[in-house]
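What follows is a short report on a single structure.
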Amino acid sequence: MNVQITEKDRFEQTPYSMWLQTDVLHTLQRTVSDHPGEYSFIINCQVMELYWALIVRELQTAQSSLRQNDLAKAQQALQRVIDAHEPLNATWRSLSWLTPADLLPMLGAAGATFGRDTALQGWTYRHMVYLFGIKQVEHLEHFKPQPRRWQQLNEALNAPSVYDDVLAFLHREALPIPPAQFQRDFAQPYKPSPEVERAWQIAYDQRPDLKNLGEKLADIAEEFTAWKYRHLMLTRRTLGSRNAYFGVSGIEWLTPTLEEIPFPELFSARTFIGDPPAGCPVGKAKD
């Protein structure tokens, strides 16, 4: 993108401010209550939004690279996703002071000012988890007031996830990924497969480059799950068992399920990684 810089910009801003748009950035925090912590709440939520958008871009770069069979570039993008999660997850520490007496007045003021929202959740987060392969169509309901973002998310819901592209890459590398993996409805939740477990076992035992790819995905899954756990803990501290969405408590809503862990076979396949090949007795080399 070519940025148009005017003489007025050059006169009134430093190169750093022009590049990072700091004058605009520091006008984007609009408090609606008298609580002294609201500014901190807004800043931390905005930081998360920026990291989610960054992760979406990196995941899309990884997908594009995998489709071009450029494993090195894909792994570089996935490493940046891993690195981005460390500061992202650390934002929860900045909100550890929140109690119900702090949060509820802020939420009440936000509702009175902007109208009641269906969820305290941005489209960037939902796009990220769809790319992770966590396909939950019910969450699209939250974004009906944003038709353009609803369309964007609907496309992501129905498109292959990063994991789908990884499995397609493994298939092109002659690993035994069943063709049914590429013929399914991508909008439906992913169902783990014993055949995919077997393919990962082979990758880990015989292909160091693919083992490295698997470990990067496992790191991302672990970091994302850590983020969700910190979210759950903060919700317990600030909402208790109050209802969240669809009439269930915030704790129940946020408690991770097996379906919400990305790249599932990377963990279940570890049951078999390092075992002798099928039909080969333990302690003896295969003929």
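The values are calculated or read from the model by the stated rules, or taken from the named source; none is laboratory data. Keep in mind the model is a prediction, meaning the values are calculated, not measured. Glycine also receives a Cβ, built like all others from the backbone with ideal geometry; neighbour counts cover every protein chain displayed. Calculation scope for accessible area: heavy atoms of the full protein, side chains included, ligands and nucleic acids excluded. Shrake-Rupley method; radii C 1.70, N 1.55, O 1.52, S 1.80 Å.
When only DSSP loop residues count, what trypsin sites (Lys or Arg not before Pro) in the stretch 36-119 have their Cβ near at most 15 other Cβ atoms within 10 Å? Qualifying residues, ordered by number: ARG116. TRP150 contributes an accessible area of around 80 Å² to the protein surface, as traced by a 1.4 Å probe with all chains present. Model label sites at GLU173 and THR271, defined 7 Å from Cα along the beta-carbon direction, differ in position by 2.3 nm. Cα extents for the stretch 1-146 along the principal axes, largest to smallest and rounded to whole angstrom: 53, 49, 31. Ignoring aspartates and glutamates fewer than eight residues from LYS8 along the same chain, the ones with Cα atoms less than 18 angstrom from its Cα are ASP23. Relative contact order for the chain: 19 percent, from Cα pairs under 8 Å spaced at least 6 residues apart, divided by residue count. Heavy-atom accessible area with a 1.4 Å probe sorts TRP19, TRP52, largest first, into TRP19, TRP52. Here the simple spin-label model places points 7 Å from the Cα toward Cβ, and for MET233 and TRP97 these points are separated by 1.9 nm. Put simply, the chain fits an ellipsoid with semi-axes of 39, 25, 18 Å; these come from the alpha carbon gyration tensor as the roots of five times its eigenvalues, largest first.
Of the residues GLU195, GLU223, ranked by 1.4 Å probe accessible area with the largest first, the sequence reads GLU195, GLU223.
At full extension, ARG10 and PHE114 could sit 33.9 nm farther apart than now, given 0.36 nm per residue minus the alpha carbon distance. Taking all protein chains into account, the per residue accessible area for the stretch 1-88 stands at 68 Å² (1.4 Å probe).
The 1.4 Å probe gives accessible areas that order LYS216, LYS191, largest first, as LYS191, LYS216. When all protein chains stay in place, what accessible area (Å², nearest 10, 1.4 Å probe) is found for SER94? About 60 Å², rounded to the nearest 10.
Spin-label pair TRP19-THR225: with each label point 7 Å from Cα along the Cα-Cβ axis, the two points sit 3.9 nm from one another. Within the listed set GLN13, GLN79, GLN181, the residue fluctuating most in the Gaussian network model of the chain (springs between alpha-carbon atoms under 10 angstrom) is GLN13. Shown here for the stretch 1-91: GluC sites (Glu not before Pro) in loop regions (DSSP other than H, G, I, E, B) with at most 16 other Cβ atoms within 10 Å, of which there are none.
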